[in-house]
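Single-structure report; data block below.
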Amino acid sequence: MYARVTLAHLQPGQVDELQQFLHDNVVPAAQRQQGFKGLLLLTDETTNKGIAIALWETEADLAASEASDGYYTVQLARGAHFFAAPPVRETYEVTLQV
């Protein structure tokens with residue numbers, strides 16, 4: 001399993017709106033992607049930081065979601081107004097899940 005971690009500085013006071021946007025837009029779109037296994041959102045309203053962790057069955061599934069016209073690019077552009085700065089994307093192999 002693989003994880004895409006997106007680290008973001010959020011606009012102040014936008015956590016509730018971001019959560020609703022993810023629930024209404026990103027999650028349904030992600031569920032239509034091959035290999036999607038789940039999404040976690042971690043937020044800290046005191047620092048306006050957020051971390052989204054998307055889980056994918058294979059590295060190929062994760063890569064396909066990041067293609068130039070793929071799911072990730074489209075959803076990131078649609079939610080750009082939530083970010084105070086461009087988000088940072090990192091990819092990891094999940095080596096332990098309990």
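A compact table of results
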read-out: Any hit, segment 80-91, residues being open to solvent by less than 90 Å² (accessible area, probe 1.4 Å), free of Cβ contacts under 8 Å to residues at least 60 places away in the same chain and within 14 Å of the chain's Cα centre (by Cα); value: yes
read-out: Hey, G70 surrounded by 13 or more Cβ atoms within 10 Å (Cβ to Cβ), of a type outside the set (D, E) and on the phi > 0 side of the Ramachandran plot or not; value: no
read-out: T95 vs. criteria at pLDDT 95 or above, open to solvent by 60 Å² or more (accessible area, probe 1.4 Å) and out of contact with any Pro (no Cβ under 8 Å at 6 or more places or on another chain); value: yes
read-out: Looking only at segment 26-51, and only at residues there that are touching a residue at least 40 places away in the same chain (Cβ under 8 Å) and open to solvent by 30 Å² or more (accessible area, probe 1.4 Å), the one that is nearest to L7 (Cα to Cα); value: I51
read-out: Residue in segment 53-61 that is surrounded by fewer than 11 Cβ atoms within 10 Å (Cβ to Cβ), within 25 Å of M1 (Cβ to Cβ) and of a type in the set (S, T, N, Q) present; value: no
read-out: Test set (1) in contact with a strand residue (DSSP E or B) (Cβ under 6 Å, 6 or more places away or on another chain); (2) not in a loop (DSSP other than H, G, I, E, B) - V74 fails condition number; value: (1)
read-out: Count of residues meeting criterion [part of a strand (DSSP E or B) and of a type outside the set (S, T, N, Q)] in segment 40-71; value: 12
read-out: Selected residue (criterion: modelled with the lowest pLDDT) from residues of segment 1-21 that are open to solvent by 30 Å² or more (accessible area, probe 1.4 Å) and touching a Leu at 6+ places or on another chain (Cβ under 8 Å); value: Q19
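The values are calculated or read from the model by the stated rules, or taken from the named source; none is laboratory data. Because the structure is predicted, anything quoted here is derived from the model rather than measured. As a convention, Cβ positions derive from the backbone with ideal geometry for all residues, glycine included, and neighbour counts pool all protein chains shown. Note: accessible area is taken over every heavy atom of the protein model, side chains too, but ligands, DNA and RNA are not part of it. Shrake-Rupley method; radii C 1.70, N 1.55, O 1.52, S 1.80 Å.
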